[in-house]
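Here is the structure we will look at.
The values are calculated or read from the model by the stated rules, or taken from the named source; none is laboratory data. In this text, all values refer to a predicted model and were calculated from it rather than measured experimentally. Here Cβ is always computed from backbone atoms with ideal geometry, including for glycine, and neighbour counts include all displayed protein chains.
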2 protein chains.
Amino acid sequence: MAEQSQMEKMAIEARKAARAVQGMSTARKNAALDAVHAQLLASKDAILAANGEDRSKTKEAVDAGKASSTLYKRLDLGGPKFDAVLQGVRSVAALQDEVGRVSLARELDDGLELYRVACPIGVICIIFEARPEAAVQISALAIKSANAVILKGGKEAEHSNRALVEAIRAGLKEADVPENVVQLVSTRGEIAELLKLEKHIDLVIPRGSNELVRYITDNTRIPVLGHADGICSTYVDSAADVELAAKVVTDAKAQYPAVCNATEKLIVHRDVAATHLPTIGAALLAAGVTIKADEESMRYLPKDEKVIPVVPSDFRTEFLDLTIACRIVESLDAAVDEINTLGSHHTDCIVTQDTQAAERFMSNVDSANVYHNCSTRFADGFRYGFGAEVGVSTTRTHSRGPVGMEGLLIYKYRLYGNGHIAAPYATGEKTFTHRKIEPKYRVEQ
Amino acid sequence: MAEQSQMEKMAIEARKAARAVQGMSTARKNAALDAVHAQLLASKDAILAANGEDRSKTKEAVDAGKASSTLYKRLDLGGPKFDAVLQGVRSVAALQDEVGRVSLARELDDGLELYRVACPIGVICIIFEARPEAAVQISALAIKSANAVILKGGKEAEHSNRALVEAIRAGLKEADVPENVVQLVSTRGEIAELLKLEKHIDLVIPRGSNELVRYITDNTRIPVLGHADGICSTYVDSAADVELAAKVVTDAKAQYPAVCNATEKLIVHRDVAATHLPTIGAALLAAGVTIKADEESMRYLPKDEKVIPVVPSDFRTEFLDLTIACRIVESLDAAVDEINTLGSHHTDCIVTQDTQAAERFMSNVDSANVYHNCSTRFADGFRYGFGAEVGVSTTRTHSRGPVGMEGLLIYKYRLYGNGHIAAPYATGEKTFTHRKIEPKYRVEQ
């Protein structure tokens, strides 16, 4: 047998830890989260010192023009942020345990009962940006969902992540839970090695750029739960209320433009272009937004230096800043087609007072999140009430949209018999009843 | 823009068809299934003629020693088989429609309501063995789940598949449903091209050999729902009833050994080796099974020329014939460890009268199907009552175990507001209620 690499050892340890915790009771998992909370609190000084080290390095990079001030701001774990991060651990402890939930209970025949029961996936490798609180959130969700995780955070947060994971592992140890439920790697080379270990790793979740997701899917046989662009649209229908439209579009674009659920495209029905675009345009301009407009919408938008001609590629662009592309369409179906063809299937909204039009839009737009009369900015695990999220998925399998605890679970089928054999069903001597039964059974948590 | 290849055109047509049918009502889908049923019946002669062509070609190969008689038998669509295939279409029509099912209904705040609603995945490419009825089953499930499928069947069934898919498409056309919900390709080269089209294809389901699954995962960015070996075990616990054990093990091994859910390993607790192995061994031998036994179990098994020494690799082998590997372990935990380490996470069973031992085994064995006191042969979509199956998944994401209609679905989040914007929640001016609500909403089917 070939010698095990360091990464293979790590993955095997993760598998062992995952197997050891898969059936852990809710009480034990919550006790572990409490211990993690206590250790994070006890290690506050060390964590903030490590965070300071990351910040001063990044400050130098910002001053040298080699890093963005947004990155610098995101790194900060001090002040109320630290308390919020700790509070996050308690929120996860407070979540209802989804492990053990029965999603199918069926009698196959007299005395032969089938249950489909939620269980952890196993070993998950999660790669995330330089945002140290993510290490804590993801670890908390891993503990509550009884998975083992191997984390790789952005390199700018390296010291912070190390200090945080050290405290988390100390908490696990104290609670007599295998520390290897949470492990940390820090280099791209280590990730490259881990991607080859499909035998030991069950899922990879890359957060971050399209390029990262593409690199991962190109280099692994492990299933990937990824996140492509967020090219979100808000469509103002012919039956839209103009004030509501202006309010929703402006929030969707400008409330926090650097995120994937911000609206990048404004699509307006021709019938209301003349009546609605002046108001919507004025609201966007007042919020500091640059509007890249097609020829027709240009006629109705306010004359302003920030209203400029759009180019075709703008309709496929995730601006991530105070810029929006604007176009007019002749029908709801044309809007749906535009969104399905040029969007990224993340979050898309219709503004209309016509509920039938809303239903048609929501049924036909092929996106993870489809909205009626509200800002696309709501597409987020916390806002959905998931307590914490590991990311937002734009894949169409396993878990779509904001991924919380349920996204880290799969299920197994449990079949209880009393000496039942297949032969008499194969010959037709016996037939299945396939009768729905009450889920009397639930794994004790 | 580069010229579109034939396969790209096909995938784009599939996407269009998928978009057209995604919101189709249950009534229309069932009407389409009825029309497909009628067309298959009307085309019976043409289908059986095509099937005859495949069979005579394969017969030649069998006579020349180049194909197995099992393959030849599987190809046959005549006699009662044809009626069973048609009945299968009706069974799928009778299934409850899972599209539109609400799995989460939550008020985020006053007037802001979130629903998670099941919807089709989109475009699915399914590769299956030379078993022509699979083309019909899979097409029926695709129609009922409102997905578009691109099918590739085993080359030995090429003419049969072509005739079947022609009839299915005629039925779709008659029911005014896009024919391209079901498309067929016939060569490996076409599959190789399709695997590159991650933009148009959302999921690949390869049925068949490990090598096929590996080839697919190595050559695509599209998510793969695969099926590895079926190295299933039956563990006879210290508290097992001997007669029940003999009956269950024999059925699990010998009722139909050429399939993935047949038991390949018999694991016996040391405490009952002397009392139980003679009876279990005799039952297996009576069913024509060769037992590859470890040294210790050899002492208790009947002396017979079909009881031979096991070699270590046998414990990692999917025999798929009347052969079983047999070993003795010192504890339930050792059995669990053996199964988790050397098994394939498909289907594993404990035989015991001790319900606590059964629960521990079922919680700790990390397989898609975990059984108590019944044959591993029950792991099958029909037996589970799914009406039809597209395969059995041994991946740990999306869909695990037998994959029926639900395995072809994902969900979208629908959020209904009345001008709700994110800003007041970001500032803390408003807070979310996250209150469970009754799922008043259901997509009309």
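Output the number of the condition that B:Gln4 fails; it satisfies all remaining conditions of (1) in contact with a strand residue (DSSP E or B) (Cβ under 7 Å, 6 or more places away or on another chain); (2) not in a helix (DSSP H, G or I).
Result: B:Gln4 fails condition (1) only.
For segment B:379-445, give me every one of the strands (runs of 3 or more DSSP E) that falls completely inside it and has 3 or more residues that are touching a helix residue (DSSP H, G or I) at 6+ places or on another chain (Cβ under 7 Å), at the interface with another protein chain (Cβ under 9 Å from one of its Cβ atoms) and at pLDDT below 95.
Fully inside segment B:379-445 and qualifying: nothing.
Here are A:Leu86, A:Leu151: which of them is crowded, with 23+ Cβ neighbours inside 10 Å and of a type outside the set (Phe, Trp, Tyr)?
Result: A:Leu151 is the single residue among A:Leu86, A:Leu151 that is crowded, with 23+ Cβ neighbours inside 10 Å and of a type outside the set (Phe, Trp, Tyr).
Just wondering, is there one or more residues in segment B:293-302 that are of a type in the set (A, V, I, L, M) and out of contact with any helix residue (DSSP H, G or I) (no Cβ under 6 Å at 6 or more places or on another chain)?
Yes, segment B:293-302 has at least one match.
For segment B:291-309, enumerate the residues that are closer than 15 Å to B:Glu330 by Cβ and charged (D, E, K, R).
The answer is B:Asp294, B:Glu295, B:Glu296.
Would you check if there is a residue in segment B:93-112 being of a type outside the set (Asp, Glu), surrounded by 22 or more Cβ atoms within 10 Å (Cβ to Cβ), in contact with a Leu (Cβ under 8 Å, 6 or more places away or on another chain) and farther than 30 Å from A:Cys349 by Cβ?
no
Which residue out of B:Asp337, B:Asp348 is closer than 30 Å to B:Val242 by Cα, in a helix (DSSP H, G or I) and either without any contact (Cβ under 8 Å) to a residue 12 or more places away in the chain or not assigned by TED's automatic domain parsing to the domain that holds B:Arg214 (or both)?
B:Asp337
Would you check if there is a residue in segment A:329-348 being crowded, with 20+ Cβ neighbours inside 10 Å, within 13 Å of chain B (Cβ to nearest Cβ) and charged (D, E, K, R)?
Yes, that holds for at least one residue.
Mind counting the residues in segment B:219-245 that are outside any loop (DSSP other than H, G, I, E, B) and more than 10 Å from every other protein chain (Cβ to nearest Cβ)?
Total meeting the criteria: 6.
Here is a yes/no grid of residues against (1) under 25 Å from B:Asn30 (Cα atoms); (2) of a type in the set (A, V, I, L, M, F, W, C); (3) touching a residue at least 40 places away in the same chain (Cβ under 8 Å):
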site: B:Lys173; (1), (2), (3): yes, no, no
site: B:Val181; (1), (2), (3): yes, yes, yes
site: B:Leu203; (1), (2), (3): yes, yes, yes
site: B:Arg207; (1), (2), (3): no, no, yes
site: B:Tyr215; (1), (2), (3): no, no, no
site: B:Gly230; (1), (2), (3): no, no, yes
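Can you name the condition, by its number, that A:Leu225 falls short on among (1) surrounded by 17 or more Cβ atoms within 10 Å (Cβ to Cβ); (2) under 19 Å from A:Lys16 (Cα atoms)?
The one condition A:Leu225 does not meet is (2).
Which count do you get for residues in segment A:255-297 that are within 11 Å of chain B (Cβ to nearest Cβ) and over 21 Å from the mean Cα position of the chain (by Cα)?
Qualifying residue count for the region: 1.
For (1) within 25 Å of B:Gln22 (Cβ to Cβ); (2) without any contact (Cβ under 8 Å) to a residue 40 or more places away in the chain, each residue gets a yes or a no:
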| residue | (1), (2) |
| --- | --- |
| A:Ala283 | no, yes |
| A:Val307 | no, yes |
| A:Val329 | yes, no |
| A:Thr352 | yes, no |
| A:Thr355 | yes, yes |
| A:Val365 | yes, yes |
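B:Ile421 - would you say it is among the β-branched types (Val, Ile, Thr) and in contact with a Pro (Cβ under 9 Å, 6 or more places away or on another chain)?
No: the conditions fail for B:Ile421.
Within segment B:374-400, which residues are farther than 22 Å from B:Val89 by Cα and of a type in the set (Gly, Ala, Ser)?
Those that are farther than 22 Å from B:Val89 by Cα and of a type in the set (Gly, Ala, Ser): B:Ser375, B:Ser393, B:Ser399.
Rundown of residues vs (1) farther than 24 Å from A:Ile12 by Cβ; (2) touching a residue at least 12 places away in the same chain (Cβ under 8 Å); (3) touching a Ser or Thr at 6+ places or on another chain (Cβ under 6 Å), yes/no style:
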position	(1), (2), (3)
A:Val136	yes, yes, no
A:Ile143	no, yes, no
A:Ser160	yes, yes, no
A:Val177	no, yes, no
A:Leu184	no, yes, no
A:Lys196	no, yes, no
A:Pro223	no, yes, yes
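Please determine whether any residue of segment A:27-44 is touching a helix residue (DSSP H, G or I) at 6+ places or on another chain (Cβ under 8 Å), within 27 Å of A:Asp321 (Cα to Cα) and at pLDDT 95 or above.
no
Would you confirm, using the coordinates I've provided, whether A:Val181 is crowded, with 23+ Cβ neighbours inside 10 Å, β-branched (Val, Ile, Thr) and within 21 Å of A:Ala35 (Cα to Cα)?
In short, yes.
What is the residue count in segment B:198-216 for residues that are surrounded by 21 or more Cβ atoms within 10 Å (Cβ to Cβ) and either at positive phi or within 13 Å of chain A (Cβ to nearest Cβ) (or both)?
So the answer is 9.
Among the residues of segment B:278-295, is there at least one that is at positive phi and either at pLDDT below 95 or not assigned by TED's automatic domain parsing to the domain that holds B:Thr70 (or both)?
Yes, because at least one residue in segment B:278-295 is at positive phi and either at pLDDT below 95 or not assigned by TED's automatic domain parsing to the domain that holds B:Thr70 (or both).
Would you check if A:Ile191 is surrounded by 22 or more Cβ atoms within 10 Å (Cβ to Cβ), β-branched (Val, Ile, Thr) and closer than 29 Å to B:Gly343 by Cβ?
Against the criterion (surrounded by 22 or more Cβ atoms within 10 Å (Cβ to Cβ), β-branched (Val, Ile, Thr) and closer than 29 Å to B:Gly343 by Cβ), A:Ile191 qualifies.
Looking at A:Ala239 and the list (1) crowded, with 17+ Cβ neighbours inside 10 Å; (2) not assigned by TED's automatic domain parsing to the domain that holds A:Leu332, which single condition is not satisfied?
(2)
Quick one: which residue in A:Cys119, A:Cys125 is in a strand (DSSP E or B) and closer than 30 Å to A:Tyr416 by Cβ?
A:Cys119
Test A:Lys412 against the criterion of being among the basic types (Lys, Arg) and within 30 Å of B:Pro80 (Cβ to Cβ), and give yes or no.
Spelling it out, it is not the case that A:Lys412 is among the basic types (Lys, Arg) and within 30 Å of B:Pro80 (Cβ to Cβ).
Please determine whether any residue of segment B:355-370 is farther than 24 Å from A:Gly419 by Cβ, assigned to a helix (DSSP H, G or I) and within 8 Å of chain A (Cβ to nearest Cβ).
Looking through segment B:355-370, none of the residues is farther than 24 Å from A:Gly419 by Cβ, assigned to a helix (DSSP H, G or I) and within 8 Å of chain A (Cβ to nearest Cβ).
Report, by residue number, each residue of segment B:98-141 that is touching a His at 6+ places or on another chain (Cβ under 8 Å) and of a type in the set (A, V, I, L, M).
Matches in segment B:98-141: B:Leu108, B:Leu112, B:Val123.
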